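Below you'll find the structure, written out as structure tokens, and then a few comments.
The values are calculated or read from the model by the stated rules, or taken from the named source; none is laboratory data. Just so it is clear, the structure is predicted and the values come from calculations on it, not from any experiment. Cβ coordinates were reconstructed from backbone atoms using ideal geometry, including for glycine residues, and neighbour counts include every protein chain displayed. Calculation scope for accessible area: heavy atoms of the full protein, side chains included, ligands and nucleic acids excluded. Shrake-Rupley method; radii C 1.70, N 1.55, O 1.52, S 1.80 Å.
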Amino acid sequence: MKKYISRATKSLAILTLISAVIFAVGIILIIADFSDIALQIGLTSFGSLMSIIFVTCFFAEKSRALIIDANKIILPIGIDKNGKTVFQKTVIMMDEIRSVESKFNKGDKFIFGDCFFYILRLRDGTNVTVTLYSYGKKAEKEILEIIQNSIA
């Protein structure tokens, strides 16, 4: 079993830790009775709010893991199944996949870069569209190789 986690997870964990440290410094300044009350309130408020935001984003991103087992693939929330977005994890048995097609999507170069949409065509006629760019180029290639090897 192999688990792929998005590249943003590590950044969000680091930002959460930095925010927690800022919050802790604010608390320490309050306990130490530091004379600048604005700094105490600012650090405590900013650290606590940013910690809440980043820890929430961290766990949300961590739940988007893609898991590949010997006989199945568990896709994260938000894939496209026959043109409709699915808001739950999707389990696909490897022997159900008939073919994989890639479709290039040109990004806008400002916010979104170029990426591929991968269409998994299943034996029952279902088309599952998934993007793998958030896992990194190396993981994207590895995931595709595993899926394509299961078809052959």
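Quick notes on this structure:
- Scan of region 40-82 for residues that are of a type in the set (Gly, Ala, Ser) and open to solvent by 80 Å² or more (accessible area, probe 1.4 Å), ordered by number: Ala70
- Scanning region 4-30 for residues that are farther than 18 Å from Gly42 by Cα, surrounded by 14 or more Cβ atoms within 10 Å (Cβ to Cβ) and free of Cβ contacts under 8 Å to residues at least 40 places away in the same chain returns a single hit, Ser11.
- Near pairs, Cβ below 6 angstrom, 6+ apart or cross-chain, from region 77-97 (farther than 19 Å from Tyr4 by Cβ and of a type in the set (A, V, I, L, M, F, W, C)) to any residue that is open to solvent by 60 Å² or more (accessible area, probe 1.4 Å) and assigned to a loop (DSSP other than H, G, I, E, B): Phe87/Ile77
- Condition check for Ile18: farther than 30 Å from Glu140 by Cα and either in a helix (DSSP H, G or I) or in contact with a Phe, Trp or Tyr (Cβ under 6 Å, 6 or more places away or on another chain) (or both): no
- Residue within region 128-142 that is in a strand (DSSP E or B) and either open to solvent by 70 Å² or more (accessible area, probe 1.4 Å) or more than 21 Å from Thr9 (Cα to Cα) (or both) present: yes
- Thr85 being hydroxyl-bearing (Ser, Thr, Tyr), open to solvent by less than 80 Å² (accessible area, probe 1.4 Å) and out of contact with any strand residue (DSSP E or B) (no Cβ under 9 Å at 6 or more places or on another chain): yes
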